[in-house]
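Shown next, in structure tokens, is the structure this report addresses.
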Amino acid sequence: MLYTILKNGAQMPFWMLMLIIFSYAILIFVMLPVHEMAHAFVAVKLGDNTPRWHGRLRFNPLAHLDLWGTLLLVVFGFGYAKPVPVNPRNFARPKRDMALTALAGPLSNVLIALVALLLFRMVQLANASYIIELYAGLVLVDIIAGVSLSLAVFNLLPVPPLDGSRIFAAILPSRWTYYMNQYQQYFTIGVMFLIATGALNVPLGFLVHYLGGILCAIVGLPNYF
């Protein structure tokens, strides 16, 4: 969003600029909290009340947002919120239940993208005017669905502290998981570097294109990704 505004803001109509900003506000104040609430909800359902005790089982953006993760989302389209505290010892099957808890976040983003695409399809079926369809495509497809899928794919990377590391921990040897957690800060710095240099754009873009194509096919749309 920031790059688009800096590059094209002077040429954009004011209403379009406000529409883009409003759409990203929805992503920040709705999508990120929903992502973290999904983690908390599944953890509680599987027997760990730690998220509830830390106030993470509620829809309050201030309880979930992380400053740097939010800035990354605005600037690069990939970001994160505050991790939900979970105690695996409260689970009946710690490895499996941690993986399910971690998977809940990216799945919530995929569902948000699916709902956005479905709403856009409904706009098309309603024979809306070209201008309305153009606006709906910008907001629902390009911004909400696109960024939601990007966030889902990004969080599935098997790198601490992202969700993918906890999912893969269910199948990796315990000593590998130990070393990954021990050197988590270095993995985080490495991921930040790859994002800043654009090294992740191609592989993540391919995955978003593939996953987006599946969702578009489900609702009867061509692949917009």
Computed, not fitted: 222 nm per-residue ellipticity of the chain from DSSP H runs ≥ 4 (each -39500 (n - 2.57)), nearest 500, equal to -20500 deg cm²/dmol
Listed residues S108, S165, S174; largest mean-square fluctuation, Gaussian network over the chain with Cα springs below 10 Å, found at S174
Here the membrane-span-like helices of the chain, with no claim about any membrane, defined by DSSP H, Cα axial extent at least 24 Å and mean Kyte-Doolittle at least 0.5, are 94-125, 201-219
Length gained, Y210-R58, 0.36 nm per residue minus C-alpha separation, equals 51.5 nm
GNM on the chain, Cα springs under 10 Å; top mean-square fluctuation among H54, H39, H209 goes to H54
Magnitude of the Cβ-charge dipole (Lys and Arg +1, Asp and Glu -1) of the range 2-219 about the Cα centre, nearest 20 debye, reported as 660
Among L134, L125, L71, the residue with the largest mean-square fluctuation in a Gaussian network model of the chain built from Cα contacts under 10 Å is L125
Here FRET efficiency (C-beta to C-beta, A126 to F193, R₀ 30 Å, nearest 0.05) is 0.10
For the range 2-219, the charge dipole (Cβ of Lys, Arg +1; Cβ of Asp, Glu -1; about the Cα centre) points to a positive end, and the Cα of P203, P173, Y186 closest to that extreme belongs to P173
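Each reported figure results from applying straightforward, stated rules to the coordinates on display, with no laboratory input. In this text, all values refer to a predicted model and were calculated from it rather than measured experimentally. All Cβ positions, glycine included, derive from the backbone under ideal geometry; neighbour counts span all protein chains shown.
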